[in-house]
Amino acid sequence: MDLLRFITAGSVDDGKSTLIGRLLYDSKNILIDQLEALEKSTKNKENGEVDLALLTDGLRAEREQGITIDVAYRYFSTPKRKFIIADAPGHVQYTRNMITGASNANLIIILIDARQGVVEQTRRHSIIASLLKIPHIVVAVNKMDLVEYSQDVFNNIVIDYREVAKQLGLADVTYIPISALDGDNIVDRSKHITWYNGKALLEFLEDVKLDSDINLTDARFQVQVVIRPQTEDLHDYRGYAGKIISGIYKKGDKVKVLPQGIETTIASVEIAGMEVEEVFAPQSAVIQLADDIDIGRGDSIVKIGNLPLVSNELEVLLCWLDDKPLISGNKYLLQHNSRQVRAMVRNVEYKLDVNSLQQQPVEGNVKLNEVVKATIKTASPLVYDGYEKLSENGSAILIDETSNSTVAAVLIRS
Amino acid sequence: MNQHHLNYLDQLESESIHIFREVAAQFEKPALLFSGGKDSITLVHLARKAFAPGKIPFPLVHIDTGHNFPEALEFRDRLVNEVGATLIVRKVEDTIRQRSLTEPKGKFPSRNWLQTYTLLDTIEEFRFDCCIGGARRDEEKARAKERIFSVRDEFGQWNPKLQRPELWNIYNGRIHKGENVRVFPISNWTELDIWNYIRYEKIDLPSIYFAHDRKVIEHEGQLVAISEFVQPADSDTVLTKKVRYRTVGDMTCTAAVESNAATLDEVINEIISTRISERGETRIDDKVTEAAMEDRKKNGYF
């Protein structure tokens, strides 16, 4: 059994909440007392069915203050897989919400209303999916019941979306006609959509291959914390603990410590205090080195012959997440995995229209939900890869040192 | 199967260890809130793995309501000893006395709500800047929207409006003086994940998680154990039933479930086939209002 994280994208009217409710309900992941609470608060009981959308209903604070918290997480599992859904609400602040929810996703479900077809929102969701390099895309054409389960309607939407996918270079796209309200092609294959021979949505989610999503070629490791027990029997023990970002490490590997640039050899690799043959992404491991080198949190250990980039000047795409705008000349903290460095945003070149991918001039300060191309200068060098090549080592956040807020998502370009 | 493939429990474990290590690196005085239940026992197990061969680099803190299951206390002391961790116990009873708080009344006098006072006092006493807790997002809907690194103000309050975006695996634990971060390393685990992991890792649990005979009374369909804290009224019928606990909280507000499951496999099978959520089945205090958890969280609760 393995783990799939996905995000659902669609506006409220596309039936996103109903879809999530349906997945939880039909896969028997809703329990009786939760269902009772649901029935109690169901307003629309015309056909005696509970309103599945209420399962993903907000908190009282959200209703009272008219806000939506950017992401809620839902969990369900089948005998094949455990699923984590990042449920990001639509409408206002959608770019911020979606980027937050999508940053860890292996897959995105883009919902399209069969009556509406490919609309501006569809395009926007797809652009964000392409910016964040989400590996798998499912286009779920919903409300097929309202178009009499028409194959023509579905086929036309597929033709339209293929055009979008081509423009954005989206490679792995799967199209499924569904009705979330009635449960057609969600868990079980639809009795109404007889012309469709593909998998139901849940079947697809269970089967989609995930192994190739993890990069086992380019070895990257960043030190989170140094383990030094300093007890009598472990007097000289010095282990570098961190999560393997990508690749495989084993004893004897010739490595380079960056940004220091010192070469050494791996003396042992360990998991939870036990020496093992090798460690690989995404394991949390401990590496011991043959030589006594001064290494601390945020330093990288990589293999000689496969080096990342090292620079203190970065070309980036910034997605601004804060209500306060980006003030040019302000200093921020940039956090790249566990490494924190002081940074300054310079040369905001252009703004990216997330509905069209067009580059537009930036007027005034960069505001919430805007995506811009910029240059970041850091006080000490960063050890990274381009986001396109290795997203886990090409992403960072900006922190406002005065408010301590996370103010931007940073996608580093190579 | 690819030899470089992690199953879902290994993946969850790795994520949690990563979070523990971020805590150790980012905070000066973290603490692990230990309740004696299976979730906090799992936390201790994960913390051990995160820092091996070193010891867990922060103390375990037990906010003691005084309404404990004796089995859970014995287990706690044994575990602390085995792990070689520092244990700090602060009692709700002392807070009630020192702050002249009103002791809850009724047949099931829950001190659950009062724990918040003791917790905040303890945070201040030791100047903890981070408290690690065993909350899971599948527990209920306020939890579903809380961050893994959840910033609390000096009153311990959670403000859903001011949550920081949490992207990729990057955690921003920077705070102002007086603020505090609650960190939930098992946010992404479900109840069943915890049980499966306990089996996978052969983690020891207190005996009350397995079927045993116990004197109970029935209260609104739930079975509550007779103890020095819960006494039967004349109208109650005291029954001896074979029960186990699905969660272990206070004796006054945790209900038992009827069960013959004496082994982990049997418990897991029952949980898979049960159709009632953990909180719904076993927490007497959560049924009060639908927004009970949201309210408590906003007031500084775990």
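The values are calculated or read from the model by the stated rules, or taken from the named source; none is laboratory data. Just so we're clear, the structure is a prediction, and the values are computed from it rather than from any experiment. Neighbour counts are summed over all protein chains in view; Cβ atoms, including those assigned to glycine, are modelled from backbone coordinates with ideal geometry.
Some values worked out for this structure:
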read-out	value
Top-ranked residue of the range A:263-279 - restricted to ones that are loosely packed, with under 15 Cβ neighbours inside 10 Å and away from chain B (no Cβ under 14 Å), ranked as nearest to B:Arg48 (Cα to Cα)	A:Thr265
Count of residues meeting criterion [part of a loop (DSSP other than H, G, I, E, B) and either closer than 22 Å to A:Asp13 by Cα or in contact with a Phe, Trp or Tyr (Cβ under 8 Å, 6 or more places away or on another chain) (or both)] in the range A:148-183	8
The range A:235-274: number of residues that are of a type outside the set (A, V, I, L, M, F, W, C) and in contact with a Pro (Cβ under 7 Å, 6 or more places away or on another chain)	4
Per-region count, the range B:5-64, residues within 17 Å of B:Leu119 (Cβ to Cβ) and outside any helix (DSSP H, G or I)	17
Residue list for the range A:211-259, restricted to those being outside any loop (DSSP other than H, G, I, E, B), more than 10 Å from chain B (Cβ to nearest Cβ) and at pLDDT below 95	A:Asp213
Residue in the range A:288-316 that is surrounded by the fewest Cβ atoms within 10 Å (Cβ to Cβ), counting only those that are within 13 Å of chain B (Cβ to nearest Cβ) and not charged (D, E, K, R)	A:Gly296
The one condition in (1) surrounded by fewer than 21 Cβ atoms within 10 Å (Cβ to Cβ); (2) in a loop (DSSP other than H, G, I, E, B); (3) of a type in the set (Phe, Trp, Tyr) that B:Tyr117 fails to fulfil	(2)
Qualifying positions in the range B:120-169 - away from chain A (no Cβ under 12 Å), more than 18 Å from the chain's Cα centre (by Cα) and in a helix (DSSP H, G or I)	B:Asp121, B:Glu124, B:Glu125, B:Phe126
Test: B:Arg174 is within 14 Å of another protein chain (Cβ to nearest Cβ), charged (D, E, K, R) and part of a helix (DSSP H, G or I)	no
Any hit, the range A:133-141, residues being at pLDDT below 95, more than 30 Å from B:Leu162 (Cβ to Cβ) and assigned to a strand (DSSP E or B)	no
From the options A:Ser311, A:Ser300, residue that is of a type in the set (Gly, Ala, Ser), touching a Pro at 6+ places or on another chain (Cβ under 8 Å) and over 27 Å from B:Ser16 (Cα atoms)	A:Ser311
Test: residue in the range B:219-231 that is out of contact with any Pro (no Cβ under 9 Å at 6 or more places or on another chain), crowded, with 21+ Cβ neighbours inside 10 Å and assigned to a loop (DSSP other than H, G, I, E, B)	no
Only one of B:Ala85, B:Ala52, B:Ala31, B:Ala47 that is over 30 Å from B:Val216 (Cα atoms) and without any contact (Cβ under 8 Å) to a residue 24 or more places away in the chain	B:Ala52
Index of the failed condition, A:Ile186 passing every other in (1) surrounded by fewer than 24 Cβ atoms within 10 Å (Cβ to Cβ); (2) in a loop (DSSP other than H, G, I, E, B)	(1)
Top-ranked residue of the range B:43-79 - restricted to ones that are β-branched (Val, Ile, Thr) and within 14 Å of chain A (Cβ to nearest Cβ), ranked as nearest to the chain's Cα centre (by Cα)	B:Val44
Positions within the range A:256-294 being over 22 Å from B:Ile19 (Cα atoms), touching a residue at least 24 places away in the same chain (Cβ under 8 Å) and aliphatic (A, V, I, L, M), in sequence order	A:Val257, A:Leu258, A:Ile262, A:Ile266, A:Leu289, A:Ala290, A:Ile293
